[in-house]
Amino acid sequence: MITAMHNRSDDPPSKLSSRRDLKRFPPPVRRDMGKALYAAQRDETDPAAKPMRGFEMAKKTKTIAHEEGSGNVFADLGLPHPEQELLKARLTLQIYRIIKARRVTQTQAGEILGIRQPQVSLLMRNRSGNVSVERLMDFLTALGHDVEVRVTPTPRSNRARPVR
């Protein structure tokens, strides 16, 4: 679900759309927003989020009309390969949790993962970039976790139909 807070009163709610507005951004920005929204949907804070000084929560907020999402924020934002993006976000968030729980430095984490500290820093900020799903799975294995891949049939209503 994508909701928006709106403090201006001159735009009617029917003219506002967070999803439409977000889709106007370039793909890298939408990808970053998608990762932040994915973390928020899990009641977590995006690892890259930083508090802004000087801004207090508005005393009054107005919830405007919203649309139900598809369950994949990356698809909702119109990104290519949304399933892959969602999987990468899940894996990256899990890597972040494990490293934080172990209380190791980024340099130590890099030694465990076989990468340099700057790459660990990117992972810790949920910026997996060009890291493949397979490589993220390898990182989880290096951190002592098993990765399980399940294949299940698609529900009847979502099955691909032949093109005529």
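The values are calculated or read from the model by the stated rules, or taken from the named source; none is laboratory data. As the structure is a computational prediction, the values presented were derived from the model and not from experiment. A quick note on method: Cβ atoms are made from the backbone with ideal geometry, for glycine too, and the neighbour counts reach across all protein chains shown.
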Exercise for the section: For region 85-105, enumerate the residues that are surrounded by 18 or more Cβ atoms within 10 Å (Cβ to Cβ) and not aliphatic (A, V, I, L, M). Expected result: Glu85, Lys88, Thr92, Tyr96
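Listed here are the residues, each with its yes/no results for (1) of a type outside the set (Val, Ile, Thr); (2) within 20 Å of Ser18 (Cα to Cα); (3) in contact with a helix residue (DSSP H, G or I) (Cβ under 9 Å, 6 or more places away or on another chain); (4) at pLDDT below 85.
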position	(1), (2), (3), (4)
Arg42	yes, yes, yes, yes
Lys60	yes, yes, no, yes
His66	yes, yes, yes, yes
Asp76	yes, yes, yes, no
Pro80	yes, yes, yes, no
Arg90	yes, no, yes, no
Ile98	no, no, yes, no
Val104	no, no, yes, no
Ala109	yes, no, yes, no
Exercise for the section: Looking only at region 139-161, decide whether some residue is in a helix (DSSP H, G or I), exposed (fewer than 14 other Cβ atoms within 10 Å of the Cβ) and modelled with pLDDT of 95 or more. Expected result: yes
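Of the residues Gly114, Gly129, which single one is surrounded by fewer than 18 Cβ atoms within 10 Å (Cβ to Cβ) and in contact (Cβ under 8 Å) with a residue 24 or more places away in the chain? It would help to see each step written out before you state the result.
On the way: Gly129 fails: in contact (Cβ under 8 Å) with a residue 24 or more places away in the chain.
Only one candidate passes the filter, namely Gly114.
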